[in-house]
Amino acid sequence: MSSLESSSAGAGTPSTISLDSLPIEVFLMICERIDADTLVRSLMYVNKQFYDIISDNYLWKKRAMHKFNDCNVAFMLTSAYNENTFNWKRFAWHTELEESCWSEYETKTTTTVFSGAHFSEVDAVIMAKDGNHCISASRDRSICLWSTTIGTINNPVVHKIDSHLGWVWDLGIYDDHHFLSCSWDSKVKLWNTDNFTQISQPIQTFSTDAAVLSITSKENFVAAGLYSPKIIAFDPREPEKRLFELLNSHTRSIIDLCLIEDYYLISLSEDKTVSVWDLRTNNTVKSMCLSKQGSRFPMCASYYDNMLFIGDNRDCMYWLDCSNGLYNVLETVKLVKPINDSRNYKLNCIKCTNYGSIITGGNEGIVYILTPTNPPKVIAKIVDSGSEITSIDYQNDTLVVGYVSSDVQVWKKK
């Protein structure tokens, strides 16, 4: 036996060192250097000791605050926010995942451009619930169902011609197996996603009094925002019966609708106002004008965890605290200036589906992936088509974008 081996053996030094034998302080230092996705999806499930340590809220709070200590984070400004009960693990995980993917989107995502099916502007796109298909609707009156799986051909699975008798303005997911479309023909149609074909007929058709520009829904409830200043609600079980009509909430077209926690119906109008309707009491809770500057009006909205993000038809985003039915404007966030300063920037769509990012698109033809902070940090600036962006959806690690050029583009995380 060598003197070194003898010395080691005499000292009783263990022959191997494992993670679970390390002091907790050392283990935490190692965790700080491991990406959040590995911690959440792998390491914390190795054993109970790791699970208890990695589940600790303080670990994730420290990780998150180190990154966002110099700006306002949207979700931490609401009245419902509680520092001790906030889901710091999910927040840190989402923010790291989004930044890791989209800051290197050219290598960490695959992209497919769907072209040739539509011959006019694509005004609406949505992801289907199965995560493997997206749906697009166009001013050519057609609806297309596309496969978003990696390596798919760029032909639609289904191309439903003349799905309406006018421009198709908006799409919405009704449930796991059905979607909605609305059109200038004053109709809202409910379709079966699973059996959608070129010869499919809608399951239900709801008739309104004017062109339908926006729709939203929940179980047994469909609301339509009209070109005339009216909102009409239906129950799919009784399509000919109207649940209610809102006639006095606005004085101009209803641009967008959004449901908050199934209780509140939010409407955005060209009259520059945002209106909040309580579905339980059938009363208007609040009506507000977000900006008094010139011709600005609210254009698009997206909701996540007590925060409603509203984009106007210029370059501003507004944060509304939806907790406890307050709907107070917390922040007005100036977005990135357009490349072409000679024309006014128009924000057409906004999407927030997790803690990690807000996605916007407009007439500049650029998809911006932003942090949910003020000031916002640009995680990625995707300039692929250059055509004006009309609509965005982001679900199941898949981003789908519709363009004025009639194309649809999909980015899918690898």
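The values are calculated or read from the model by the stated rules, or taken from the named source; none is laboratory data. Here the structure is a predicted model, which is why all the values come from computation and not from measurement. As a convention, Cβ positions derive from the backbone with ideal geometry for all residues, glycine included, and neighbour counts pool all protein chains shown. Surface accessibility is based on the protein's heavy atoms, side chains included, excluding ligands, DNA and RNA. Shrake-Rupley method; radii C 1.70, N 1.55, O 1.52, S 1.80 Å.
Taking a straight line from the alpha carbon of K48, these aspartates and glutamates sit under 13 Å away, with near neighbours fewer than eight places off in the same chain left out: D20, D56. Can you tell me the accessible area per residue over the chain, all protein chains present, probe 1.4 angstrom, in square angstrom? Result: 46 Å² of accessible area for each residue.
Here r is the Cβ-Cβ distance between S228 and M65 and R0 is 41 Å; the resulting FRET efficiency, rounded to 0.05, is 0.25. The long axis of helix 88-102 is offset from the longest Cα principal axis of the chain by roughly 80 degrees. Length available on full extension from I199 to S115: 0.36 nm per residue minus the Cα-Cα distance, which gives 28.1 nm. Counting only protein chain heavy atoms and rolling a 1.4 Å probe, the accessible areas of L43, L399 rank, largest first, as L43, L399. Per-residue SASA remark: W60, around 0 Å² accessible (1.4 Å probe; ligands, DNA and RNA not included). Protein-only accessible surface at a 1.4 angstrom probe places the residues E83, E261 in the order E261, E83, largest first. Taking the C-alpha atoms only, the angle from helix 57-67 to the longest principal axis of the chain is near 70 degrees. Only helices enter the 222 nm calculation for the chain: every DSSP H run of n ≥ 4 contributes -39,500 (n - 2.57), and dividing by all residues gives -4000 deg cm²/dmol, rounded to 500. Between Q395, H250, Y264, the Cα set farthest toward the positive side of the dipole of the chain (charges on each charged residue's Cβ, about the Cα centre) is that of H250.
For F297, the accessible surface of its heavy atoms amounts to roughly 40 Å² (probe 1.4 Å, protein chains only, rounded to the nearest 10).
With both labels modelled 7 Å from their Cα along Cα-to-Cβ, the E219 to V26 distance reads 5.3 nm.
Note on surface exposure: L190, L279 rank L279, L190 by accessible area, highest first, 1.4 Å probe.
The accessible surface of the chain, taken with every protein chain in place and a 1.4 Å probe, is 49 percent carbon and sulfur. Counting only Cα atoms, the chain measures 94, 50, 46 Å along its principal axes, largest extent leading. I want to verify the translational diffusion coefficient of the range 62-162 in µm²/s; compute it with Stokes-Einstein, Rh as the Kirkwood radius over Cα pairs, at 10 °C and 1.306 mPa s. Roughly 93 µm²/s, to the nearest whole number.
Beyond 25 Å in Cα-Cα separation lie the following of the pairs K189/K412; K67/K272; K61/K412; K189/K334; K89/K351; K129/K346: K189/K412; K67/K272; K61/K412; K189/K334; K129/K346.
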